[in-house]
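Data first, discussion second: the structure below is written as structure tokens.
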Protein chains: 2
Amino acid sequence: MAVMENIPYNELEIGTSANYRKSLTEEDIVLFAKISGDVNPVHLDDAFARETLFKGRIAHGMWTGSVISAAVATVLPGPGTIYLEQNLQFRRPVRPGDEITVTLTVTGKEDEKRRVSLDCQVVNQKGELVAKGDARVIAPDQKVRLDKPELPAITIG
Amino acid sequence: MAVMENIPYNELEIGTSANYRKSLTEEDIVLFAKISGDVNPVHLDDAFARETLFKGRIAHGMWTGSVISAAVATVLPGPGTIYLEQNLQFRRPVRPGDEITVTLTVTGKEDEKRRVSLDCQVVNQKGELVAKGDARVIAPDQKVRLDKPELPAITIG
């Protein structure tokens, strides 16, 4: 079974960095529409989306935000992190088949409350900037190693 | 079939406001874990989550961000909106069975590029603040009425 391990506050330094990758499928777009309620046809209807300035179906912008949040929660600092703030700028659409890479870098630490600031950069497989922003979290105080739960099968349609 | 209608730039005024509601199910948490990759057991494993400071399973923080994005994309301004920026502060966990209400209020307009700033407040069914933030968007220039696509059935497990 895969394992998640965090980087507790005292192991984080300014400049500590980590990557997290995720590919987007058409199914992910349907699932995002379900959990958010955003059923705009630019995400769901290929014929409609081709007539828009995007020339095809695109992911919901906040899907990229969700992947940033997963990077923070599973990698840097990882399990035990408490998410305080996230600022996001959306720069480019993500399309089914794209793979995005989130790069997180520690830019600030406040010892008293274990607060950590993280620069967040997201690029697609061509290296183009998709989104960027900053996160603020409370980093965990102890090392944690967790088995990654297996998700149940999800069937659409 | 349900219809989505936007509020184009020239109909928006400072103070224009709208609400958007969404309930959280346990299934939504599993789907969010799937599309983001954040499989932390505080979201997925009831026994584990009861031992944490949250005393039970909680939603991923960015699920609330996803619901804010859906409010922007489907209600105010609605279809045709281009999402530029979102700032979020997470204040309180959301649990399965909770219903959150997003309130969006126009706080700024820049005519030249149809840019609109929106205050975003999210409360749970007890009226407690769950998250807050600001969005910046390009509002649509024309009225749009769209049929809301029906999503396919989604089966878990």
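Tally Lys and Arg at +1 and Asp and Glu at -1 over the other residues with C-beta under 10 Å from the C-beta of B:SER66: what net charge comes out? Intermediate results must be reported in sequence, preceding the final value.
Numbers: positive: B:LYS22; negative: A:ASP38, B:ASP28.
That works out to -1.
Rounded to the nearest 100, the interface formed by chains B and A buries 4200 square angstrom of accessible surface, both chains summed, with a 1.4 Å probe. Neighbours of B:VAL106 by Cβ distance under 14 Å: Lys/Arg scored +1, Asp/Glu scored -1, total -2.
Placing a label point 7 Å from Cα along the Cα-to-Cβ direction at A:LYS109 gives distances to the equivalent points in the other copies of 4.9 nm, listed shortest first.
Dipole size in debye (nearest 20) for the stretch A:57-144 around its Cα centre, Lys and Arg Cβ +1, Asp and Glu Cβ -1? Don't skip to the end; give the middle numbers.
Numbers: 12 positive and 10 negative charges, 48 e Å.
About 240 debye.
Can you give the accessible area per residue of chain A, in Å², using a 1.4 Å probe?
Working: 7050 Å² over 157 residues.
Using a 1.4 Å probe on heavy atoms only, each residue of chain A averages 45 Å².
A label point on B:GLU51, set 7 Å along the Cα-to-Cβ line, lies at 5.6 nm from each of its counterparts in the other copies, closest listed first. I want the local charge near A:LEU146. Using Cβ-Cβ distances under 14 Å, sum +1 for each Lys or Arg and -1 for each Asp or Glu among the other residues. Overall, the nearby charge balance is -3.
The distance linking the stretch A:50-129 with the stretch A:130-149 is 12 Å (Cα centroid to Cα centroid, whole angstrom).
Suppose every Lys and Arg Cβ carries +1 and every Asp and Glu Cβ carries -1, with no other charges. What dipole size does the protein assembly as shown come out with about its Cα centre, to the nearest 20 debye? Intermediate results must be reported in sequence, preceding the final value.
Numbers: 38 positive and 44 negative charges, 43 e Å.
Using only the charged Cβ atoms, the result is roughly 200 debye.
Distances between copies at B:PRO152, taken between label points 7 Å from Cα along the C-beta direction, are 1.9 nm in increasing order. For A:GLU26, put the label point 7 Å out on the Cα→Cβ axis and report which residues of the stretch B:128-157 keep their amide N under 19 Å from it. Answer for this model: B:149-155.
Within the stretch B:74-130, which GluC sites (Glu not before Pro) sit in a loop by DSSP and count at most 14 neighbouring Cβ atoms inside 10 Å? Let's see the in-between values first.
Numbers: sites: B:GLU85, B:GLU99, B:GLU110, B:GLU112, B:GLU128; in loops: B:GLU128.
Within the stretch B:74-130, the qualifying GluC sites (Glu not before Pro) (loop, at most 14 other Cβ atoms within 10 Å) are B:GLU128.
Computed from Cα atoms, the angle from the helix A:61-74 axis to the main principal axis of chain A rounds to 30 degrees.
From the helices alone, meaning DSSP H stretches of at least four residues, give me the mean residue ellipticity at 222 nm for chain A, per-run term -39500 (n - 2.57), in deg cm²/dmol to the nearest 500. Display every interim value, and only then the final one.
Values: 4 runs with 34 residues, N = 157.
Taking each H run of at least 4 residues, the total per residue is -6000 deg cm²/dmol.
The orientation-averaged projection of the convex hull spanning the C-alpha atoms of the protein assembly as shown amounts to 16.1 square nanometres.
The values are calculated or read from the model by the stated rules, or taken from the named source; none is laboratory data. Note that the structure is predicted; figures quoted are calculated from it, not measured. Using ideal geometry, Cβ is built from the backbone for each residue, glycine included, and neighbour counts are taken over all protein chains shown. For accessibility, only protein heavy atoms count, side chains too; no ligands or nucleic acids. Shrake-Rupley method; radii C 1.70, N 1.55, O 1.52, S 1.80 Å.
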